[in-house]
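Take a look at the structure set out below.
The values are calculated or read from the model by the stated rules, or taken from the named source; none is laboratory data. It should be emphasised that the depicted structure is a prediction, and the values quoted were computed from it without experimental measurement. For neighbour counting, all protein chains shown are included, and Cβ atoms are generated from backbone atoms with ideal geometry for every residue, glycine included. These accessible areas exclude ligands, DNA and RNA; they are computed on the full protein's heavy atoms, side chains included. Shrake-Rupley method; radii C 1.70, N 1.55, O 1.52, S 1.80 Å.
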Amino acid sequence: MPVELILNVVLSGVLTGLVYGLMALGLSVIFGVVRVVNFAHGELMTLSMYGAVAMFQRFGLDPLLSLPALALCFFGLGYALQSLLIQRFVTRPEHSQFMLLLAVAVCLANAQLMLFGPDARNVSVDYQLDSLELGPLLIDVPRLYAGGAALCASLAMFAFFRHSRVGKAIRACADNYRGAQVVGLPIRRLYALTFGLGCACVAVAGCALTLLVDVTPALGPAYTLLGFVIVIVGGLGSMLGALLGGLLIGVSEALAGLLLTPSAKSMVSFGLLILVLLSRPQGLLGRRA
Amino acid sequence: MLLPRSGFQGFIGQSCQKGADLAPGVLRELLGVDIELMNADTETNVDTARTRAERLIQEGAHVLVGAFDSGQTAAVAQVAEQRGVPLIVNIAAAPQITEQGYRFVFRNFQTAPEIVKNGLSLIGDLLSSTGAEPKSAVFMHVNDTFGQAMAKGILATLPGLTQLPLRLADTISYDPAAKDLTVEVSRAKAAKADLLLLVCRLNDAILLRREMVKQRWQPMGVLSPGSPGMYEQQFIQALGKHAEHCISNVPWYNPKAELTRRVEQAFLRQNPKDRLVFHGLNVGFTFEAVLVAADAFRRAQSVDPRALAEAIRQTHIESKMMLGAPIKFNAKGQVEGIGSACVQNLNQMPRVVLPAAAAEAKPVFPMPGYKA
Amino acid sequence: MSARQAALGLGALALLGFPQLAGAYALSLATLVLYLATTGQAWNLMMGFAGQLSLGHALYVGIGAYSAGALFFHFGIGPWIGVWVAIACSLSVALLLGGLAFRFGISGVYFALLTIAFAEFTRVAFDHSDWLGGPGGMFLEVGQRDHWDLVHFRGPPSLYYYAALGLALGTLGLCTWLSRGRAGYYWRAIREDEAAAQALGIDTFRWKLLAVLASSAISATSGVFLAFYQNNLFPEQVFHISRSIEILLGPVIGGVGTLLGPIFGSLLLTLLSDGATELLGALGWELPGTKQVLYGLALLCVVVFLPNGVWPALYQAWGRRRPRLPP
């Protein structure tokens, strides 16, 4: 197997993994703080992808340029979703939460089907089919931009949670619910904020992914599942874990596709998930709950 | 009409529906027969297909037509057989459907082995008519019901075809739901083969071709020995000039047939912004299925399902739309001798280039841009 | 005879005589409802009684279906023997999953995700197995459909209806018996507070595992029914996560942890789904996806406003004199 082949495959795995990592980051933040299993994550991402496609078709905007607007919209959407609907489910049993978000997912996915039809939609930006040649490496330009955008957004999230007051408050809620209550943090508002941030992450990931993948209404569940695999492997409650998990899954799937039958490459992710769940359920970088 | 109009096969079902919708008008002119369509959506779900079929029969359907997907068609076939209502399969390639010994199931479509055989022999014709001599091929296929059946057929038949001396450099099967085919294309490119043989669906065909361009891989030809995808409108729209010269060997309509002309006119009347050529397979076979039903009705002069089934068994339609032998069902309810055409994307439209008798243009092979 | 007994008697007669009274379409719907009711009850056993959320239940159904199906397809062995092999296969998988999970202390959401991972892994694995038909599917031969052939389990739709009815009622009986016995009490204790249960001396590992095993055995039997009813099995459809979701919709809507909840839930959902299709058809609205949106909205409403499920709410509204909560 030629080295350059492996290098190229690993590189594209890394870049794609960054986008997955960002999506998983949103999920990790929501799961880690609000403790709600967001099974509508994939559908929210496809919604953002459709948003990017629509902006492109209407205004000719590159998805990366529509990114800020969409992120803002989705922040608001997430905030509203949490405060109006999900808040009362925080204390309910898991299967109830699951059902709620499942219902939301079904509504969203099929509303998208109604609005946009079943055909795959995509954007064709000018640099869609460009690639850079760096020695033996052939770098896919859209993938580079998407990965870059995902990385920037992830770093922004890190900075927010580490250095801003609100970020610290949110982390406090996650770490010690009672303590946070005692100290007097506005838990409900923080939860809503977190959900909003998680959705904003998903929106950015969606915009980035639009450059790589065509969107159909049925795309959601696969990404929700992928998100969960990454979050578990990387570690719940650890943002770096989510990103690293994304990279790990991205690269391992790429390599699996190269070395094994490509159609079996999702077995690798699930196999990894099973292994991690059994041997180290807190994931690579998580802390024991 | 039982078609998947929602669920992930929705866009195909809707395409087939166009063929059904234009049928009553054309058939009234042609045969003087009035057909009423009752439509049901199988929702790309086997259970739904079954219950919907029961429902249609209960509501008085005399003949069932459908259902594109092999699994759903099999479910409907069981209902049809049990209730004694004829089912005419428009599109479904799994051979088992007509191997179950059913008396009420009829199929006017090629089985997967036939598609493979015709597809490969057309490749042979293509090479001999253009004088090209590729030595090796890499075979990529989607790992689902359709893809796997095709792959088995190809892997079995290809080595035995002496007039097609192709060495199979690598076989790569990929997940139909995969959104990222970078690795698969890298692997295929590394096989350094002359030809790419592809069994795909629409979405992955688009992904693969894009990836090929990005990775700067230009083989002698991108050839499908029998699968959807590359001749479809979305493929051409999404890829523009990169869709050019891709070849699909598929069952197709005869562009020079009289019936084709009529159907095309009706299609344009109902879908002024669309072109028949982009829905050739779906519309053509769906229309022919309804044609068979109407023709049987005309001869049987009754709506009793058993009488209709008998009449269908006696079908012999010479002037048809799709390529190949006249429509005549054998003892298993299968039409033999349905032909395939070599369809190449030329000037942003799929055009029949082989067989020569039905050709609209000459094949272009190797693809321009190929460097040995 | 009290009113309750009379009602039960009438109900029994209606159920038994259904094939004669109803049309073929209604019969096919009823068979579907009963099938979902059985698998729903199996799921409910694990979740409602023992508190273990399984989101990959299609795994057991699929293994059951494929085991019996493969035996029939390759060796011509009928379903009466096939069902035991199916249960054995399913039990081994359940043992593996449950054993590993509980030994390592996996619970809650993690357990749910583990079940999904197992199901997906199996799906892809079966997709690559030629002996089991691969993605092309396994087609079981259908001999005849006219008369009742119990040995090969072939016959007219009414045969399948009665079989499904038998399965559903049998499972109901089994669940009732289990729930009123020691198992039921231990499971409820574990569900409410596992640590406390352990403190009381209950071997939680053993009893949780038993719940998983029982649940998987019933699901496998259901799977065998499915194999011989559908007569074609595709890994993509049988093990898909949407099937797992389909299985748990009934119990969750009907009422998790109750005995009649799953049955009621499956009935309600099938009627809802069919009703939506009818309504849209009557209104002439053919835009695909509309029905599922309505379905999703209905689901949403039930989950938000009736968190314990529809059946407990009905029961309480009905039996005003005896408003006890179901076990």
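Below, the figures for the structure above:
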{"item": "Sites A:Ser83 and C:Leu174 - FRET efficiency at Förster radius 51 Å, r taken between beta-carbons, to 0.05", "result": "0.70"}
{"item": "Amide H contacts under 5 Å for B:Phe329, placed H, 5+ residues apart", "result": "B:Thr315"}
{"item": "When region B:109-206 is reduced to its Cα atoms, the Kirkwood hydrodynamic radius in Å", "result": "14.0"}
{"item": "Cα pair distances exceeding 24 angstrom across region C:123-248, given as percent", "result": "49"}
{"item": "Estimated distance in nm for a label pair at A:Leu5 and B:Asp274, the labels positioned 7 Å out from Cα along Cα-to-Cβ", "result": "4.2"}
{"item": "Computed helical MRE - 222 nm, chain A, DSSP H runs ≥ 4 contributing -39500 (n - 2.57), nearest 500", "result": "-24500 deg cm²/dmol"}
{"item": "Cβ crowding within 10 Å averaged over residues, with B:218-225, B:68-75, C:185-192 ranked highest first", "result": "B:68-75, B:218-225, C:185-192"}
{"item": "Packing-based ranking, highest mean first, of A:146-159, C:203-216, B:174-187 given that Cβ atoms within 10 Å are counted", "result": "B:174-187, C:203-216, A:146-159"}
{"item": "For region B:181-285, alpha-carbon Rg relative to the globular expectation (2.2 N^0.38 Å, N residues)", "result": "1.21"}
{"item": "Shielding of C:235-243 by partner chains, average beta-carbon count, 10 Å", "result": "3"}
{"item": "Stokes-Einstein D for region C:1-72, Kirkwood Rh over Cα pairs, 4 °C, 1.567 mPa s (µm²/s)", "result": "86"}
{"item": "Amide proton proximity set for B:Leu354, modelled H, under 5 Å, gap of 5+", "result": "B:Cys342"}
{"item": "Summed buried accessible area for B+A [probe radius 1.4 Å, Å², rounded to 100]", "result": "2600"}
{"item": "Percent antiparallel among DSSP beta bridges (both partners in the protein assembly as shown, rounded to 5)", "result": "45"}
{"item": "Packing rank of B:121-129, A:220-228, where each peptide gets the mean count of other beta carbons within 10 Å, highest leading", "result": "A:220-228, B:121-129"}
{"item": "Cα-based Rg / Dmax (Å) for region A:3-219", "result": "18.4, 59"}
{"item": "Average beta-carbon neighbours from other chains, 10 Å sphere, peptide A:89-98", "result": "5"}
{"item": "FRET efficiency, 1/(1 + (r/R0)^6) with R0 41 Å, evaluated for C:Ser242 and B:Arg167 via beta carbons", "result": "0.45"}
{"item": "Inter-label distance, nm, simple model (7 Å from Cα along the C-beta direction), C:Leu95/A:Arg178", "result": "4.2"}
{"item": "Karplus-derived 3J(HN,Hα), 6.51/-1.76/1.60, for each residue of region A:53-60, Hz, glycine and proline x", "result": "4, 4, 4, 5, 6, 7, 10, x"}
{"item": "Cα-based Rg and Dmax for region A:1-40, where Dmax is the largest Cα-Cα distance (Å)", "result": "15.4, 47"}
{"item": "Selection from C:Ile202, C:Ala163, C:Gly134, by position along the positive dipole direction of region C:23-239 (Cβ)", "result": "C:Ile202"}
{"item": "Fraction of accessible area attributable to carbon and sulfur, chain B (%, probe 1.4 Å)", "result": "51"}
{"item": "Check: chain B dipole with +1 on Lys, Arg Cβ and -1 on Asp, Glu Cβ, in debye", "result": "740"}
{"item": "Over chain B: helical MRE at 222 nm, DSSP H runs n ≥ 4 each giving -39500 (n - 2.57), nearest 500", "result": "-13000 deg cm²/dmol"}
{"item": "Inter-chain shielding of C:118-124 (mean C-beta neighbours from other protein chains, 10 Å cut-off)", "result": "6"}
{"item": "Cα gyration tensor of the protein assembly as shown - equivalent ellipsoid semi-axes, whole Å, descending", "result": "44, 38, 25"}
{"item": "Amide hydrogen neighbours beyond the local backbone of B:Ser136, cut-off 5 Å, H modeled", "result": "B:Arg167, B:Asp194, B:Leu195"}
{"item": "Label point distance in nm, B:Val364-C:Leu271, each placed 7 Å from Cα along Cα→Cβ", "result": "6.3"}
{"item": "DSSP beta bridges in chain B [antiparallel fraction, %, rounded to 5]", "result": "35"}
{"item": "Partner lysines for B:Lys179 [C-alpha distance under 16 Å; skip if fewer than 8 residues away on the same chain]", "result": "A:Lys265, B:Lys214"}
{"item": "Rg/Rh for region B:1-159, where both radii come from Cα atoms and Rh is the Kirkwood radius", "result": "1.05"}
{"item": "Carbon + sulfur, % of accessible area of chain C - ligands and nucleic acids excluded, 1.4 Å", "result": "68"}
{"item": "Spatially proximal lysines relative to B:Lys152 (Cα-Cα < 19 Å; intrachain offsets below 8 disregarded)", "result": "B:Lys117"}
{"item": "Compactness of chain B, expressed as Rg and Dmax over alpha-carbon positions, Å", "result": "20.2, 63"}
{"item": "Under 19 Å from B:Lys320, Cα to Cα: lysines that are on another chain or at least 8 residues apart", "result": "B:Lys18, B:Lys256, B:Lys328"}
{"item": "Full-stretch length increase - C:Val151, C:Glu192 - with 0.36 nm per residue and alpha-carbon distance subtracted", "result": "10.3 nm"}
{"item": "Relative pair counts by distance (%), Cα atoms of region B:252-354, 5 Å bins", "result": "2, 12, 20, 22, 17, 13, 9, 4, 2, 0"}
{"item": "Alpha carbon convex hull of region C:23-239, volume per residue in cubic angstrom", "result": "115"}
{"item": "Principal axis dimensions, region A:130-238 - Cα atoms, whole angstrom, descending", "result": "57, 33, 23"}
